[in-house]
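Below: the structure, in structure tokens.
Every number in this text was worked out from the coordinates using simple rules, so none of it is lab data. None of these values were measured; they are calculated from a predicted model. Positions of Cβ are backbone-derived with ideal geometry, glycine not excepted, and every protein chain shown enters the neighbour counts.
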Amino acid sequence: MNTAVISEYLPLYAKAFLLTVKIGWIGIGIALVIGVIGAFILYYRVPALSVIMKIYVELFRNTPLLVQLFFIYFGLPKLGIRVSAEVCGAAGLGLLGGSYMTEAVRSGLEAIPVSQTEAARALGLSRWQSFVYVIFPQAISVSVSAIVANVVFLLKETSVFSAISLMDLMFTAKDLIGLYYNTTECLVLLVLFYTLMLLPVSFLGHVLEKKTRIAIA
């Protein structure tokens, strides 16, 4: 393994790393928002919207991210809607993640005893106030493990962004391998940067899980 080659490629990987992290976390942010709203709709069985949300969850959970990205990036322009590769990546990841986050938060909501809702309503809280101040915080504590697992999953899914010509980590590795054939060095850097991206999330996830277990206990 040539350390000089690694030193030369390091700035390119660092740039790609920042782009991957930026788009990845924007997508995760979108996914979390969709997840909370979707879980609320499904938990309270909001008329019409709950049916739409069920269809959305099943559709996006059962199709690969690559297919969704192709539809957004190559299909929507046929309808006159053009988006950049970065917007496509964030939107695709957010929509895919939203379906998983919806199920994660919903399962947390359903784990909360009905008596909690009844007690909140008996104290005079509205349905919305009961959800925000009583049910939702407990549900998040229960769902932490699933949410962290989904975050790690979504960050790993950023590896398919290269398919829409986004200069992410995978695109950079494939491009450099194709140009200079330094396969070992490129793959070592790829593994290193993905580990750097995922390890802190995994560690923080374990810390959060321990804290929520103590809080629940």
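Span-like helix check, the chain: qualifying full DSSP H segments, with Cα axial length of 27 Å or more and mean Kyte-Doolittle of 0.0 or more, are 3-43, 85-110, 136-157, 183-216. The stretch between residue 33 and residue 127 holds 31.9 nm of extra length on full extension. This uses 0.36 nm per residue minus the Cα-Cα distance. Taking other Cβ atoms within 10 Å as a rough exposure proxy, 168, 175 sort from fewest to most as 175, 168. Across the chain, the relative contact order, built from alpha-carbon pairs under 8 Å that are at least six residues apart, equals 29 percent.
Given R₀ = 35 Å, FRET efficiency for residue 48-residue 208 by Cβ-Cβ distance, to 0.05? With a Förster radius of 35 Å, E is 0.50.
Here the alpha carbons of the chain define both size measures, Rg and Dmax, at 20.6, 70 Å. Ignoring aspartates and glutamates fewer than eight residues from residue 156 along the same chain, the ones with Cα atoms less than 15 angstrom from its Cα are 168.
Ordered by the number of other Cβ atoms lying within 10 Å of each residue's own Cβ, fewest first, 118, 86 fall into the sequence 118, 86.
Estimated from the Cβ-Cβ distance and a Förster radius of 41 angstrom, the FRET efficiency linking residue 181 and residue 76 is about 0.70.
Here r is the Cβ-Cβ distance between residue 165 and residue 10 and R0 is 25 Å; the resulting FRET efficiency, rounded to 0.05, is 0.65. Arranged from fewest to most other beta-carbon atoms within 10 Å of their beta carbon, 170, 1 become 1, 170.
The stretch 135-196 and the stretch 1-42 have Cα centres lying 6 Å from one another.
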